[in-house]
Amino acid sequence: MKPKVLIVEDETAVVTLLRYNLEHQGFEVEAVSDGEEALVAIEENPPDLVLLDWMLPQLSGIEVCRQLRRKPATKQLPIILLTARGEEADTVRGLESGADDYVTKPFSPAELTARVHALLRRSRPALSDEALRVADLQMDLAAHRVYRNEREIKLGPTEYRLLRHFMEHPGRVFSREQLLDAVWGRDVYVELRTVDVHIRRLRKALNEGGDSDVIRTVRSAGYALEVSN
């Protein structure tokens, strides 16, 4: 059975773009255009994931998210917030309302569908297969193998965990502290420069075949996995 995504968005062009890309990836798609209609649709025919626009007529995406989180039946429903608001305070507000992830408009369709796959893997593993795919990278989770354009990439355990974390959150920038917590663990003391060492090793392995560098360094912020459209 195909996983079902509910799009809650009042811009027709955005709905068309999302529907095309999600259906191409094998999802069943339903769309509604306002917050109140979304609550009814979710209650009548629960989706596996909701793509929820922040600015909606009748009822805002933030309020829809809060209402869904208050109900036992939808407390764990995966929600990705779509927003034109890029300020950190707005992002925090969106996540505090209960959203699992956020994507800022304008967005890359490839990044968005990758985030949908990643969130479903974490929340509903039965809906996804045993592989991560982002751009020309593929990670076989069962066999612990990584490929780029059919070429197998040999990685150490730490580089493998780093890449997996990036592939589960494509396009998102992580600070060194965030990477330490996610990959090494919160209770393990590791110096910040250790992250840079393993990033260099990961880069070297990924680029060995002359491919472009997909690990982006963001000055004074951290690192991200670059995603092409």
The number of Lys pairs in the chain whose alpha carbons lie under 30 Å apart, excluding pairs fewer than 8 residues apart on one chain, is 9
Relative contact order for the range 107-180, counting Cα pairs under 8 Å that sit 6 or more residues apart, in percent
28 percent
Only Lys, Arg (+1) and Asp, Glu (-1) charged, at Cβ; the range 1-83 dipole about Cα centre in debye:
460 debye
Label-point gap, in nm, between K75 and Q178 - each point 7 angstrom along Cα→Cβ:
2.7 nm
M55 to V190: extension gain in nm, 0.36 nm per residue of separation minus the Cα-Cα distance?
44.4 nm
In deg cm²/dmol and to the nearest 500, what is the mean residue ellipticity at 222 nm of the chain if only DSSP H runs of at least 4 residues count, each as -39500 (n - 2.57), divided by the residue total?
-11500 deg cm²/dmol
Pull up the DSSP beta bridges for the chain and report the antiparallel fraction as a percent, rounded to 5.
50 percent
Testing the spin-label approximation: label points 7 Å from Cα along Cα→Cβ at R161 and N45. State their distance in nm.
4.3 nm
Measure off, as a whole percent, the carbon and sulfur share of the 1.4 Å-probe accessible area of the chain, all protein chains present.
47 percent
Acute angle (nearest 10 degrees) that the helix 35-44 long axis makes with the longest principal axis of the chain, alpha-carbon atoms:
90 degrees
Using the alpha-carbon atoms, what tilt in degrees (0 to 90, nearest 10) does helix 109-123 show relative to the longest principal axis of the chain?
90 degrees
Angle, helix 61-70 long axis vs. longest principal axis of the chain, Cα atoms, 0 to 90°, nearest 10?
90 degrees
Heavy atoms of the protein only, probe of 1.4 Å, neighbouring chains included. What is the accessible area of I62 in Å², nearest 10?
0 Å²
Tell me, what is the per residue accessible area of the chain in Å², probe radius 1.4 Å?
53 Å²
Hey, got the dipole for the chain? About the Cα centre, +1 on K and R Cβ, -1 on D and E Cβ, debye to the nearest 20?
940 debye
With label points built 7 Å along Cα→Cβ from the Cα atoms of A221 and E63, find their separation and express it in nm.
3.2 nm
Gyration tensor on Cα atoms of the range 165-210, a ≥ b ≥ c root eigenvalues, a/c under 1.5 rounded, else prolate if a/b beats b/c, else oblate, says oblate
Just to verify a number: what accessible area does T12 come out at with the full protein assembly present, 1.4 Å probe, Å² rounded to tens?
110 Å²
For the full complex of protein chains and a 1.4 angstrom probe, list H165, H117, H24, H144 by accessible area with the highest value first.
H24, H144, H117, H165
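The values are calculated or read from the model by the stated rules, or taken from the named source; none is laboratory data. Small disclaimer: the values here were computed from a predicted structure and weren't measured. Note: ideal-geometry Cβ built from the backbone for every residue, glycine included; neighbour counts use all protein chains shown. Quick note on the areas: whole protein, heavy atoms, side chains included, nothing else; ligands and nucleic acids left out. Shrake-Rupley method; radii C 1.70, N 1.55, O 1.52, S 1.80 Å.
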